[in-house]
Structure formats: C-alpha cells, structure tokens
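In what follows, a single structure is set out as structure tokens and then discussed.
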Amino acid sequence: RKEVEQDPGPFNVPEGATVAFNCTYSNSASQSFFWYRQDCRKEPKLLMSVYSSGNEDGRFTAQLNRASQYISLLIRDSKLSDSATYLCVVSFGNEKLTFGTGTRLTIIP
Amino acid sequence: EAGVTQFPSHSVIEKGQTVTLRCDPISGHDNLYWYRRVMGKEIKFLLHFVKESKQDESGMPNNRFLAERTGGTYSTLKVQPAELEDSGVYFCASSPLDRGGNSPLHFGNGTRLTVT
C-alpha cells in the first residue's frame, strides 16, 4: 500500500465549477500535511498547509481528518489557471516529505 | 531573492556513464534535499543535508549514488555508473534551518535525466 494515495484523475472540469480532491495517508503518526501544485515540467510549489481545524485561502479550502487519515482540497469558482497537478504531501516531522502521485486537473473554458 | 537553481536542466547519457547534477540552494538555507521522480511514480525523497552534514540518506537507492555538500553551500549528486532505471527528474529543495515543520520547501526546476 502506498504511503499517500490519490486519485490520479484526470479531472476535466468546466471553468467556474467547484472541484474536490481527496487523499489518504497510511501512517497515523504523520504530523504535517500539505497540498502542492505542480505545473507541467515545472517544480512543485506549496499551495497550502493543511491544519486539523481546516483552513481556507481564497478559493481554496483544505480539510484534515486525522481519525480517517484523510485530506481534502476544494477549489471553488475554478479558473483556467488552476489547471495543474495537485500533490498531496505528508511529513512525519522529520523534515522528509512523502508525496502522493498527484491528481491532474484540467479546467475547460 | 534568487530561487533554488539546478544544473543541468536536461542530461542524456548512455548506460554506464557518469553524470553529476548540481544544486544551488537559496542563500542562507541550511537544509538541502534531493528528491527524484521516475516516470509514472510519485516524487520520492533521496536525502537531506543540514549544512554540510547528511542528516538522512535513507532514500538513496544504492551505492551508485553519491551526494556531497562540501562547505555547506551547493550540493552535487553523482550517479556512477548510470543505469536505465535512473532516468527521471531530480529535484533539489532548500529551506531555512528553523523550519518548525510547516515552512515550505523551495524546489528547483529539476534536472531531467535520461539514461539510454
């Protein structure tokens, strides 16, 4: 079983729609959680950290459920520029990041 | 502020040859990491330097890979001899020392290595 599991997609979503991604992680001792974004042939960039209380950054909302070992990302009012691969990332507190394979999102005009 | 820079951006070598990848972290970042993505797989951790010391090298695949960070500034990752399965994108990342577990890593653009 992979340490971080994501649906690879692709998700093809019309502009303006709401889209949600989910991710599960296997290690219950995980301490830090992130969503990274990676554009084609570019480096991963931090989109947002994920906190137990849930957090929002503009059109993006992240949720963490420690009991179910589940992380989610919601994108509202999607824009063409949101097209990218979204990487679920977990850390066990030892500086080492564990990545999911990513979910590919394409926003359709 | 200059970001993490990696050189070369692409490298095509034959099986059995040697390749050296270089990473220049953001100035002042004591943490330096190497990650790798092979085709169709997730990005995987290779190793972590704190200044010039190897903090964690548990992700290094085998002894054909040698990473150094002499002087605690830039780092090199040498693959010798290269095998076909070493093909992939090698990312370097850096962060300040007092990361607190939630500061972002800054990634370089990666080196795309193709072994033929």
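Round to the nearest 0.05 the FRET efficiency obtained for B:Glu83 and A:Gln31 when R0 = 35 Å and r is the Cβ-Cβ distance. Each step should come with its number before you reach the end.
Working: r = 35 Å, r/R0 = 1.00.
Once rounded, the FRET efficiency stands at 0.50.
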Phi-derived 3J(HN,Hα) across the stretch A:102-109 with the Karplus relation (6.51, -1.76, 1.60, θ = phi - 60°), rounded Hz, x for Gly and Pro, is x, 10, 8, 10, 10, 9, 9, x
Residues whose placed amide H lies under 5 Å from that of B:Gln17, excluding near-sequence neighbours: B:Ala82
Interatomic Cα distance distribution for the protein assembly as shown, bins of 10 angstrom, percent: 8, 32, 34, 20, 5, 0
Using only the alpha carbon atoms of the stretch B:7-116, find the Kirkwood hydrodynamic radius as the inverse mean reciprocal pair distance, in angstroms to one decimal. 14.0 Å
For chain A: rounded, prolate or oblate by the Cα gyration tensor [a/c cutoff 1.5]: prolate
Rounded to whole angstrom, the alpha-carbon centroid of the stretch A:84-100 lies from that of the stretch A:1-72 at a distance of 10 Å
Taking Cβ-Cβ under 4.7 Å as the only way to count a partner, pick out the unpartnered cysteines of chain A. A:Cys40
Hz values of 3J(HN,Hα) by residue in the stretch B:21-26 - Karplus curve (6.51, -1.76, 1.60), Gly and Pro given as x: 9, 10, 9, 10, x, 5
When A:Leu80, A:Leu87 are ordered from fewest to most other Cβ atoms inside 10 Å of their Cβ, what list results? A:Leu80, A:Leu87
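Taking R0 as 30 Å, what FRET efficiency do you get between A:Tyr51 and A:Asp77 from their Cβ-Cβ distance, rounded to the nearest 0.05? Mind dumping the intermediate values first?
Working: r = 23 Å, r/R0 = 0.75.
Calculated transfer efficiency: 0.85.
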Filter the trypsin sites (Lys or Arg not before Pro) in the stretch A:17-94 to those in DSSP coil with at most 11 other Cβ atoms within 10 Å of their Cβ, and list the result. A:Arg41, A:Lys79
List, in order, the whole-Hz ³J(HN,Hα) value for each residue of the stretch A:19-27 obtained from phi through the Karplus relation with A = 6.51, B = -1.76, C = 1.60 and θ = phi - 60°; use x for Gly and Pro. 9, 10, 10, 10, 8, 10, 10, 9, 8
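Taken together, the values in this text are just the output of simple stated rules run on the coordinates, not laboratory data. Only a predicted model underlies this, so the values are computations on that prediction, with no experimental measurement involved. Methodologically, a virtual Cβ is constructed for each residue, glycine included, from the backbone with ideal geometry; neighbour enumeration extends over all protein chains shown.
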